[in-house]
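The values are calculated or read from the model by the stated rules, or taken from the named source; none is laboratory data. Keep in mind that what you see is a predicted model, and the values were worked out from it rather than measured. Backbone-built Cβ (ideal geometry, glycine too); neighbour counts: all protein chains shown. Accessible surface is based on the protein model in full, side chains and every heavy atom, while ligands, DNA and RNA are left aside. Shrake-Rupley method; radii C 1.70, N 1.55, O 1.52, S 1.80 Å.
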Amino acid sequence: MERVLVDRFGGPEVIRVVEVDDPQPGPGEVRVEVLAAGVSFTDAQLRAGTYLGVPKPPFTPGYELVGVVDQVGPGCTRLRVGDRVAALTVWGADAERVCVLEENTVEVPDDLDPAEVAGLVLTYMTAYQLLHRMAEVRAGESVLVHGAAGRVGTAVLELGAVAGLRMFGTAAHRDLATVESKGAVAIDYRNDDFLARVRALPEGGVDVVLDGMGGALSLRSFRALRPGGRLVVFGHYSTLSHGHKSWRAWAEWYAATGGVALWGLLSPRRKVMAYRIQKLREGRQLVPVSKRSEALPVGGGPRDPAQFREDFSALLALLRAGRIRPMIAERLPLSEARRAHELLAGSAEKGKLVLVPDGSDRPG
């Protein structure tokens, strides 16, 4: 079979496709024939070596997949051959067949587009859990999301509209129309001061800030909260510089994140929280390095599989009802994985990039 390989940290040039033997499921695992695997900015962070707990090369990227179970390992009781499932893998999804723990899978209806469902696994699940599991938003509250024109940002705006929230989003000037099209107030992060904008609101700030950038931005985001407000830090995008890991940026990120966390502890009226969707199978998520001499085939799964299945069911219901619609920028064959990584920088406003089996470009 074919699988994608990162043989050293770097830009899209380190991506190649290799032929390997089919994997065999171990105890508690099922083997999945992949129908769709998403390509996201998180994959770029893995490729560059900036992601927390990133494995040592060589490894296969790919954070999410949708596919059909074609083999069941010892000890599996829930799934059968032929079942369609989705899985959060952290890495390892970009292959024709992948073995995943049965407990980390979620059943998927056969009549939904696998590429659209793949868009729910990481992007919409992150957005949904940020709003409902972490911030515990209530209808009528105000929410500021940074990077609002990105994939997670637009998902937050969509789900915020469903939840009856007042949405604000920072974005580059070229992306302001995208933010406004989702019903949010757009703020040009280069030419406008988001802190001044939200503190000028009658209530003196917003109820929730969702910050996927981290670092110094988190400090200003905390100041944007009104009394009773919640800041959720969920990313470290600022640590990626021109496709490569920046240790200086990591040091600044840790210093600023530690500072805002302490600020939150000392504040009686505002909260700071950190969110991670994933749990690594090897358990280390403190620094962007791995002590393993050899990467695990699949990196991990959701932090709470039961909550993940519950929330995924809610997202599937919204998708079926047409209340959310993951946008697919392009479906590319697995053999063009490098091109998918090259397209990442300019695809956010167009939708998600999805790898499909070679020779397949059908929606279903």
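Descriptive notes on the structure:
- Residue match in the range 7-28 (condition: in contact with a Phe, Trp or Tyr (Cβ under 9 Å, 6 or more places away or on another chain) and hydrophobic (A, V, I, L, M, F, W, C)): no
- Matching residues in the range 111-128 - criterion: being of a type in the set (A, V, I, L, M) and either open to solvent by 10 Å² or more (accessible area, probe 1.4 Å) or within 14 Å of G160 (Cα to Cα) (or both): L112, L122, M125, A127
- A residue that is outside any loop (DSSP other than H, G, I, E, B), of a type in the set (D, E), at negative phi and open to solvent by less than 20 Å² (accessible area, probe 1.4 Å) occurs somewhere in the range 63-75.
- Looking only at residues of the range 3-15 that are touching a strand residue (DSSP E or B) at 6+ places or on another chain (Cβ under 9 Å) and farther than 15 Å from V39 by Cβ, we find that the one that is least open to solvent (accessible area, probe 1.4 Å) is G10.
- Residues in the range 23-43 that are open to solvent by less than 20 Å² (accessible area, probe 1.4 Å) and part of a strand (DSSP E or B) were compared, and the one that is nearest to P12 (Cα to Cα) is V39.
- The one condition from (1) among the small types (G, A, S); (2) at pLDDT 95 or above; (3) surrounded by 19 or more Cβ atoms within 10 Å (Cβ to Cβ); (4) closer than 24 Å to I324 by Cα that G140 does not meet is (3).
- Taking the range 102-142 as the range and being more than 30 Å from V206 (Cα to Cα) and aromatic (F, W, Y) as the test, no residue passes.
- Boolean, V100 is over 30 Å from G28 (Cβ atoms) and either modelled with pLDDT under 95 or in contact with a Ser or Thr (Cβ under 9 Å, 6 or more places away or on another chain) (or both): no
- Qualifying residues in the range 147-186 (those that are among the β-branched types (V, I, T), at pLDDT 95 or above and surrounded by fewer than 23 Cβ atoms within 10 Å (Cβ to Cβ)) - the one nearest to the chain's Cα centre (by Cα): V162
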